[in-house]
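Structure record follows, encoded as structure tokens.
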Amino acid sequence: MNPRRRTALIADLSLWAVLVLPVLAVERLRLSEPASVRQELAGLAVLGAATALHRRLPAAAFLVAAAPGIAVASSLFTLSYGCALAVFAYLMGVRSAAVRPALTAFAVLAALGTGKIALRQVDPAAEWLVLMGTLLFGAVFPWLAGRYWRQRGELTAAGWARAAQLEREHLIVADRARLRERARIAQDMHDSLGHELSLIALRAGALQVTPGLADEHRTAAAELRAAASDATDRLHGIIGLLREEDDEPAPLAPPGETVADLVERAADSGLPVRLLSTAATVTDRTAHRVVQEALTNAAKYAPDAPVTVAARQEATATVVTVTNARPDRTPTAGGTGTGLLGLRARITALGGDFDAGPHEGGFRVTARIPAPGAPGAPGAAPATRPPRRTEEFARARRTARRRVGLAFGVAAAAGTVLIGGAFTWYAYSKTHAVLTPRAYAQLRVGTPLADAASVLPEREITDPPADRAPTAPPAHAECRYYRASGELFVPVQHFRLCFTDGGNHELVDKAVIPRAGTAEQVQEEEREWAR
């Protein structure tokens, strides 16, 4: 047998053994009406069937477990099967997430109990209140406790699953950070080396057109320029594939190099570039990257066109403008544009503005880069809200707790009212239907009802144990039943007084209905009352 099934079988047998104990104990201690051996065995078999069903059909198992109680007492209030009723109600809440089967089972029990109360013609108010109280405290409350335990387990499992998911996401973020750092290094290599190779190509071009240069040197300079240009393209094809346009820029500028230093190096390489405004004070690395990319494009596609660089540092932003005039000859074929696209995405992500396009026959690049902490810049107002999934989990947990607490509160209030009313009515109806043994002994057969009324209590017993009466009542007689003691919740003797239907309503028969015991005990008690 599967170890899992073996464990479940042992657990079910243990459960059945525990539920059988109250049945056997109540019967042996005579705490309830005596039952035959056949009835006792039938009750144990029913508990076994409920135990076998509770894992697959929890609602059906609950109804099966309630069957002995509803058969013995219409109010479900039994010492023998009350424990089983509560246990299977709890298991129904633990094992079933659906609410409708449980509510249907409760409604079925309420209908069966109400119907049996109506057929027995007993005191309906007291019996129905006891039925509702037993159903509430013996079934609904345990079911709610089971649902709470199940939901608590589900929320705990969901919390651990969420923690595991967050850990996985953390590892993914760490891996992505490592990949992003590698991509930044590749981007740094591509852009920086591309810029330097462009300047090398520019210097080779200037060397190629130097007057008085020998033809072989001129050819070597042309080949050097072509090799530098080809190296730039190959660098873009090999390393440029690793670029991520939506990531933050890597620190591309050499340590301490300003925009002015970058422009000066480009001018020393032969690019006709000059500074405007206060570019010498700009050290922002993103601004450095914008100027570097613009100068690289100018050196590659319009090497003879003059270039102007204007950059200024403001209180909330850095503004950079790079403009190259109309070239003297037709520009070479354009590139892929990935550098400008990457700059646009980067600066837009920072909350700035970027524009690049033709300008008066040439080309202009304009970028406005917000300073860190400025309105609209990342980091200006760091988000403190937890992730949406964490909020949803916490909200679901709070909602479940509120619903369970509300259900328990409503059920407790209703149960208190029902149980309090049922106990009050039960105590009143039982204590006001007591005929003392001395008064019973004084009554003689033939006494008119009018004379006996002075010693009779104001109420009668509506659910007498008539089946335990030693003799059948006389034909055509009206019988009344009274309790011999005012004790509550324990079996007591009852008295049966039968009066004629017509005439003076004389007493024609009197009998003692014993509690669970022997006939000899009853006869001894009658002799004691007679003395």
>> Under 6 Å between Cβ atoms, which residue pairs at least 6 apart in sequence (or on different chains) link something in the range 195-216 that is under 22 Å from A231 (Cβ atoms) and in contact (Cβ under 8 Å) with a residue 24 or more places away in the chain with a partner that is part of a helix (DSSP H, G or I) and open to solvent by 40 Å² or more (accessible area, probe 1.4 Å)?
In response: S198/K300; A201/R225; A201/S229; A204/L224; A204/R225; G205/R225
> From R364, R385, R368, which residue is at pLDDT below 60, open to solvent by 80 Å² or more (accessible area, probe 1.4 Å) and not in a helix (DSSP H, G or I)?
Replying inline: R385
> Could we say that A183 is open to solvent by 40 Å² or more (accessible area, probe 1.4 Å), hydrophobic (A, V, I, L, M, F, W, C) and modelled with pLDDT under 80 here?
Replying inline: no
> Out of the residues in the range 421-466 that are crowded, with 16+ Cβ neighbours inside 10 Å, assigned to a helix (DSSP H, G or I) and among the hydroxyl-bearing types (S, T, Y), which is modelled with the lowest pLDDT?
Replying inline: Y426
>> Kindly evaluate Y90 against the criterion of being among the aromatic types (F, W, Y) and under 32 Å from the mean Cα position of the chain (by Cα).
In response: yes
>> Only one of V259, V263, V273, V307 is at pLDDT 80 or above, more than 23 Å from R225 (Cβ to Cβ) and open to solvent by less than 40 Å² (accessible area, probe 1.4 Å). Can you tell me which?
In response: V259
> List the pairs whose first member sits in the range 1-29 and is over 13 Å from L47 (Cα atoms) and in a helix (DSSP H, G or I), whose second member is modelled with pLDDT of 85 or more and open to solvent by 80 Å² or more (accessible area, probe 1.4 Å), and whose Cβ atoms are under 8 Å apart, counting only residues at least 6 apart or on separate chains?
Replying inline: A8/R55
> Of all residues in the range 132-151, how many are among the aromatic types (F, W, Y) and open to solvent by less than 30 Å² (accessible area, probe 1.4 Å)?
Replying inline: 1
>> Can you find a residue that is β-branched (V, I, T), touching a strand residue (DSSP E or B) at 6+ places or on another chain (Cβ under 7 Å) and either modelled with pLDDT under 85 or within 30 Å of H505 (Cβ to Cβ) (or both) anywhere in the range 392-408?
In response: no
>> Which pairs turn up if I take residues in the range 461-475 that are in contact (Cβ under 8 Å) with a residue 24 or more places away in the chain and look for partners that are exposed (fewer than 13 other Cβ atoms within 10 Å of the Cβ) and assigned to a helix (DSSP H, G or I) with beta carbon separation below 9 Å, at least 6 apart in sequence or on another chain?
In response: P470/A519
> Looking at the range 276-289, is at least one residue modelled with pLDDT of 75 or more and open to solvent by 50 Å² or more (accessible area, probe 1.4 Å)?
Replying inline: yes
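The values are calculated or read from the model by the stated rules, or taken from the named source; none is laboratory data. Keep in mind it's a predicted model, so treat the numbers as computed, not measured. Every residue, glycine among them, receives a Cβ derived from its backbone with ideal geometry; neighbour counts consider all protein chains shown. Protein only, heavy atoms only, side chains kept; ligands, DNA and RNA dropped before computing areas. Shrake-Rupley method; radii C 1.70, N 1.55, O 1.52, S 1.80 Å.
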